[in-house]
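Input: a single structure, listed below in C-alpha cells.
The values are calculated or read from the model by the stated rules, or taken from the named source; none is laboratory data. Not measured: the values here are computed from a predicted model. Here the Cβ positions follow ideal geometry from the backbone for every residue, glycine too, while neighbour counts run over all protein chains shown.
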Amino acid sequence: MMKQNLARKLSEHGPRAASRPDPVFAKIETHRAAKRFYERCRSYEDEFPDEISRQPCVGNGMMRDYDGNRTPYYLRSKQEIEAAMVPLRAILGNSKWGREQYNAKKQQLLTGLRQDEIALKKAQDDAGYTAAARAYRRASAAQDRTYKALLGITPTTASGMAALAKYIAENERIWLDGEKENACFKTLQTLATCVRRFEAVHG
C-alpha cells in the first residue's frame, strides 16, 4: 500500500507532471461557475414578495414594536406555540376548566398554523417559489462542495499555487458574513495550509 501511494504521489507531482495542466485551475473554474449559478438563484429567489417567501404562521394577539406601535404577534412553529402557551398554563391553573381552556387555545393555534402551511404551500407552488427555493438550496450545496474540493487539492506548479492563493483571498470573506477580523484569520489559516501542503510535495 505504501509503495502504491508513493508511486501515485510521484506520478502526480514528479517531473512528468510538469507537462500536464495544473488541476487547480480547473477546480477554480468549477467553483467560479458554481458561485455564479448560486448568485443567480439567490437573486431570483429574492425577487419574490414577502407574502410568498415568508414562513407559515398563525396570529396570537398583538404586541408593541420598537416604536411602541401595536402590531400582530405571529407564531411560526409548533415550538413557538409551545413556548407561548407556558404563561397561559400558569394563569389558567390545573383545574379541569383550566386544562380545557389551555388545550382549546393550543389546538386553535396548531390548527391555524397547519391551515396556513397548506395555503402558503399552494401559493408558493403556483408562484414558482418552491422550485426557486429548491434550486437555491442545490446551488448553495454545490458551491460549498466545489469550494471544499478546491481547498483539498494540492497545486502541482508555482503558478497554480499563486492562483489558488489569490482566489482564496478573494473569496474567503464570503463564507463569514462580513466578519472582517474572522475572515482575515480564516483566510490566513487556509492559505497557510495550502502552502504547507505544496511545500511538503515540492520541497
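Of the residues making up region 66-90, those that are in a loop (DSSP other than H, G, I, E, B) and surrounded by 10 or more Cβ atoms within 10 Å (Cβ to Cβ) number 2. Against the numbered list (1) farther than 30 Å from Thr157 by Cα; (2) modelled with pLDDT of 90 or more; (3) assigned to a helix (DSSP H, G or I), Gly59 comes up short only at (3). In summary, Ala127 fulfils each of the numbered conditions (1) closer than 30 Å to Pro87 by Cβ; (2) modelled with pLDDT of 95 or more; (3) surrounded by 14 or more Cβ atoms within 10 Å (Cβ to Cβ) with the single exception of condition (1). Of all the criteria given as (1) out of contact with any Lys or Arg (no Cβ under 6 Å at 6 or more places or on another chain); (2) of a type in the set (A, V, I, L, M); (3) modelled with pLDDT under 95; (4) in a helix (DSSP H, G or I), the one not satisfied by Ile52 is (3). With respect to Ile168, determine if the residue is in a helix (DSSP H, G or I), of a type outside the set (S, T, N, Q) and modelled with pLDDT of 90 or more. Taking the combined requirement at face value, the residue does not satisfy it. What residue, among those in region 1-46 that are surrounded by 10 or more Cβ atoms within 10 Å (Cβ to Cβ) and not in a helix (DSSP H, G or I), is modelled with the highest pLDDT? By that ranking, first place goes to Asp22. If I filter region 91-98 for residues that are within 27 Å of Glu47 (Cβ to Cβ) and surrounded by 15 or more Cβ atoms within 10 Å (Cβ to Cβ), do I get at least one hit? The answer is no; no qualifying residue exists.
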